[in-house]
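Accompanying notes for the structure given below.
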Amino acid sequence: MTPPDRGRGDRRPKPRTPRPGEPARSVDRTSAALGHQAAPKASTGPDQMHRRLRIVRTLVIVGVILLTLRLACVQLVWGPELAAQAQNQRSREYTDFARRGTVTDRDGAQLAYTMQARSLTVAPLVLRREIQERHDMAVDSGDPEQLAKFPPVEEVLDEMATVIPQMVRESGASAQKVKPAEILRKLQADNSYTVLVRNVDPDVAVDIAERFPGVAADRQDIRQYPNGAIAENVIGKISIDGEGQFGLEASSDGVLSGINGKSTEDVSTNGQIIPGTLRDQVPVVHGSDIELTLDLDLQTYVQQQLEQAKENSRAKSASAVVLDSATGEVLAMANTDTIDPTGDIERQLAKGRFFGNPAVQAPFEPGSVAKIITAAAAIEDGVTTPDEVLQVPGSIDMAGVTVKDAWPHGVVPFTTTGVFGKSSNVGTLMLADRVGQDRFAEMLDNFGVGRYTGIELPGESPGLLLDRSQWSGGTFANLPIGQGMSLTLLQMAGVYQTVANDGERIQPRIIRSVTTPDGETIEQPEPERVRVVSPETARTLRGMFQAVTQRDPSGVQQGTGPQAAVEGYQIAGKTGTAQQVNPDCDCYSNSDYWITFAGIAPADDPRFVIALMLDDPERGVHGEGGQSAAPLFHDIAAWLLNRDNVPLSPPREGDLILQAQ
C-alpha cells in the first residue's frame, strides 16, 4: 500500500546509518527537531591578522605610488619652472655701460665729453622679498639680535627712504631731486627695475649700496657741454637715458654711444655674490670720438656777433655759415637763440630758445643773393661778357608778369657787371632770357638747389624748387632773381663755395674724423664733387661780384654792399632782400623781408665763404638805417682774415664799370 503523500515541508531527514568503521556523529536533537543546521564557528586569530596586513600593504603601495607620481611631477613637470624661479631669485644681471665718445673741434677743443657718476638702482619686488625672507628667518631663530638686524619690510623701506636722500644731499647733490616720499614710492613699486637717484657721486653711491643690500650703484655717464650754448645747434644733446636727442648727438648716436657690456652672477640671501658664478659675459665696446670741422674760436665769435646783430637790428632771428672754400668743410654754423644745455631748459624754452638748427632745417627765399646762379649760366654759356652794356629799362614783362627794379629809373646803360653790382631785377631777367629755361633749370640742379647737401646733421631740408615740368611763364620771372624757390643757408653757402673753388661744388662736411676706442682712425667717405662751371667762368664771376662791395663817392659805380668790404682785401659777394609771404593775403609782403649776404674772402685767392641771413630786421645790424647784412659780413671776414694772417690782396687795377657813361 502506497504511503500517504506528504508535503515538502513534512519531510524529515532520515537518520544516516554510520558506515562500518565510521564513528557515530552526535546530533543536536533540538536543532534537528527544528530542522536547522548547526551555526558556523567564529574566525580564528591568524585569519584576522592576515586580513589587516593585506589592507596595510595595499595602503603602503598606494602611498608609494602617489609619492612616486608626486616626485615625477616635481622632477619632470614643475622642476624646470621651480629651478628657473630659484635661479631668477639668486641671479643678478649687471650692465657695464659703454663710455660715450667725445666731440671736439678741429683743433681738439672739447665740445662734448662724458663725466663718470653713478645711478642708484633697485629691483623693488626682489628687494622686498629678500627683506621679508631675512626677517622670517630671524623670527624663526627667536634671537633678539637677529630680529634687530633684520626688521620688517616696512621699517627697512622707511629707513632707506630717509637715509638715501640724506646721504645724497650731504654729498652736494640737489636736495629737491631726491625726496624721501619719491624714494619710498619707488621702493614700493611692483616692478623689477627702477632708478632711485641719478647723477650720484661714485663714492657716495658705493657707500649707499654697501649699507643697503639690494641697492646697486650702476655706472652712469653725465654728458658735459663745457661751452654752453656755443655750437649747441650743431652738437645737440642726449636724453636722461643717454640717447642722442638733437644735433650730432642724434645723427651720430650709433658712433658715439658704443655697446654696453653685460654679465650675470648669483647672490646669496644676504645679497653677497657667490664666487664662481660669473657667466654670460659680453664685453663693453666704448663709443668712438668725433672730431668736427668746426673752429671753436670762430664759432664763438660768429655766434656772439649774430646775437648782437639780432638785438641791434630787431630781427626775429639770424644765422651764419662759414665754409672752407677749398674743402667745403663747415668752419662755423651759428644761429641766434640757441639753448644752453647746462642751464634751466624749461625756462629757456619759455623765452623762445630752442635746440633746432635753422641753417640746415629752415629754408627761405634767398632773393638777389641767388642772382649769381643766373650770372654763372650767362657767363658759362657765353651769352654775355662782364663789360657788355645792356640798355636796362625800369621794368620788364615776362610771360604776362611785370617785374620792376627796386628803384624807379628809365633806361640805364648797365654793364653785365653792373646788373649784378646794382642788383637789377630787370637786367638779370634779360640775361636769364638769353640763357633759356631748360639751361637755367639745369644750372639750378648743378648748384644743388632743391637737393639735400648730405651734411651729417639731422633734419636737413632740401629746400623747395618746382620741377621743370611744373614751370610756367611766371615761374621764370621769379627764379632768376631768387624768388619762387627756397634754400637753406647751408645751400646758399654751397653756391658761393662753388664759385670760390673754381667752379667745383664740394659736398659740405662737418665731421672731420672718427677715432675708435683703440685709437684707430676711421676714414671718412670722400665728399661728392660736381663740376658746375669752368675755372675761367668762376674766376670771371669772382671779379664781377667785387662790384657789389665797390665804393664810389658819386654813387654811380658803387655796388649795393660796400659795407662788406675789408680794407686790404678783394671781397666778392652779393646782397639779398627777399620779400616774405604775407599769410593774410597769401601774397608777397611789402614790409617783411629776409635780408641776406654771401661772399668770398679774399676773392683773388679764396679761403673762406661766409653766408648770412637776418629774418625781418627793422634796421641795420649795427643799429644804423637800412636793412643790410653786409656790415656783419665785414665784421666776421675781417676778424677771420686777421686771425689767420691771410696775406693782403694785390691792389686792383682801376674800378669796375657798373654803368656806362
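Of all the residues in the stretch 482-502, those that are out of contact with any Asp or Glu (no Cβ under 6 Å at 6 or more places or on another chain) and either surrounded by fewer than 23 Cβ atoms within 10 Å (Cβ to Cβ) or modelled with pLDDT under 95 (or both) number 3.
Taking residue 426 as the residue in question, decide whether it is open to solvent by 30 Å² or more (accessible area, probe 1.4 Å) and touching a strand residue (DSSP E or B) at 6+ places or on another chain (Cβ under 6 Å). No.
Within the group 299, 305, which residue is assigned to a helix (DSSP H, G or I) and open to solvent by 30 Å² or more (accessible area, probe 1.4 Å)? It would help to see each step written out before you state the result.
Details: 299 fails: open to solvent by 30 Å² or more (accessible area, probe 1.4 Å).
Being assigned to a helix (DSSP H, G or I) and open to solvent by 30 Å² or more (accessible area, probe 1.4 Å) holds for just one of 299, 305, which is 305.
For (1) within 18 Å of residue 495 (Cβ to Cβ); (2) open to solvent by less than 10 Å² (accessible area, probe 1.4 Å), each residue gets a yes or a no:
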{"site": "602", "(1), (2)": "no, yes"}
{"site": "605", "(1), (2)": "no, no"}
{"site": "609", "(1), (2)": "yes, yes"}
{"site": "622", "(1), (2)": "no, no"}
{"site": "627", "(1), (2)": "no, no"}
{"site": "647", "(1), (2)": "no, no"}
{"site": "652", "(1), (2)": "no, no"}
{"site": "660", "(1), (2)": "no, no"}
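Any residue at all in the stretch 413-420 that's buried (at least 20 other Cβ atoms within 10 Å of the Cβ), under 22 Å from residue 561 (Cβ atoms) and without any contact (Cβ under 8 Å) to a residue 60 or more places away in the chain? Yes: the stretch 413-420 contains one or more residues that are buried (at least 20 other Cβ atoms within 10 Å of the Cβ), under 22 Å from residue 561 (Cβ atoms) and without any contact (Cβ under 8 Å) to a residue 60 or more places away in the chain.
Going residue by residue through the stretch 558-569, is there one that turns out to be polar (S, T, N, Q), out of contact with any Cys (no Cβ under 8 Å at 6 or more places or on another chain), farther than 21 Å from residue 620 by Cα and in a loop (DSSP other than H, G, I, E, B)? Let's see the steps before the verdict.
Looking only at the stretch 558-569, we keep the residues that are polar (S, T, N, Q), and these are 558, 560, 563.
In the following step, the residues that additionally are out of contact with any Cys (no Cβ under 8 Å at 6 or more places or on another chain) were identified as 558, 560, 563.
From the residues that got through so far, the ones that are farther than 21 Å from residue 620 by Cα too are none.
Among the residues of the stretch 558-569, not one is polar (S, T, N, Q), out of contact with any Cys (no Cβ under 8 Å at 6 or more places or on another chain), farther than 21 Å from residue 620 by Cα and in a loop (DSSP other than H, G, I, E, B), which makes the answer no.
Within the stretch 221-242, take every residue that is under 30 Å from residue 307 (Cβ atoms) and either among the polar types (S, T, N, Q) or without any contact (Cβ under 8 Å) to a residue 24 or more places away in the chain (or both) and give me the one that is surrounded by the most Cβ atoms within 10 Å (Cβ to Cβ).
Step one: filter the stretch 221-242 for residues under 30 Å from residue 307 (Cβ atoms), giving 222-240.
So of that shortlist, the ones also either among the polar types (S, T, N, Q) or without any contact (Cβ under 8 Å) to a residue 24 or more places away in the chain (or both) come out as 224, 227, 233, 239.
Values: 224: 15, 227: 21, 233: 28, 239: 12.
Here the answer is 233.
For the stretch 314-332, the condition of being open to solvent by 10 Å² or more (accessible area, probe 1.4 Å) and part of a helix (DSSP H, G or I) holds for none of the residues.
Between 138, 181, 189, which is touching a residue at least 24 places away in the same chain (Cβ under 8 Å), aliphatic (A, V, I, L, M) and surrounded by fewer than 20 Cβ atoms within 10 Å (Cβ to Cβ)?
Numbers: 138 fails: touching a residue at least 24 places away in the same chain (Cβ under 8 Å); 181 fails: touching a residue at least 24 places away in the same chain (Cβ under 8 Å).
That would be 189, the only listed residue that is touching a residue at least 24 places away in the same chain (Cβ under 8 Å), aliphatic (A, V, I, L, M) and surrounded by fewer than 20 Cβ atoms within 10 Å (Cβ to Cβ).
Residue pairs whose Cβ atoms lie under 7 Å apart, separated by 6 or more positions or on different chains, with the first residue in the stretch 390-411 and among the acidic types (Asp, Glu) and the second in a loop (DSSP other than H, G, I, E, B), are 405/394; 405/424.
Scanning the stretch 184-207 for residues that are among the charged types (D, E, K, R), assigned to a helix (DSSP H, G or I) and at pLDDT below 90 turns up at least one hit. Contact map, the stretch 346-372: first residue more than 30 Å from residue 432 (Cβ to Cβ), second residue assigned to a helix (DSSP H, G or I) and not charged (D, E, K, R), Cβ cut-off under 8 Å, separation 6 or more or different chains; pairs are 355/233; 355/247; 356/233; 357/233; 357/234; 357/247.
Report yes if residue 287 is assigned to a loop (DSSP other than H, G, I, E, B), of a type outside the set (D, E, K, R) and open to solvent by less than 40 Å² (accessible area, probe 1.4 Å), otherwise no. Yes: the conditions hold for residue 287.
Residue by residue, here is whether (1) among the small types (Gly, Ala, Ser); (2) more than 26 Å from residue 631 (Cβ to Cβ) holds:
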| site | (1), (2) |
| --- | --- |
| 294 | no, no |
| 315 | yes, no |
| 342 | no, yes |
| 345 | no, yes |
| 357 | no, no |
| 371 | no, no |
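Of the listed requirements (1) more than 30 Å from residue 306 (Cα to Cα); (2) without any contact (Cβ under 8 Å) to a residue 60 or more places away in the chain; (3) not hydrophobic (A, V, I, L, M, F, W, C), residue 218 misses just one: (2).
The values are calculated or read from the model by the stated rules, or taken from the named source; none is laboratory data. Just so it is clear, the structure is predicted and the values come from calculations on it, not from any experiment. All Cβ positions, even for glycine, are placed from backbone atoms using ideal geometry, and neighbour counts span all protein chains on display. When the accessible area is computed, the model is the full protein with side chains, heavy atoms only, and any ligands, DNA or RNA have been set aside. Shrake-Rupley method; radii C 1.70, N 1.55, O 1.52, S 1.80 Å.
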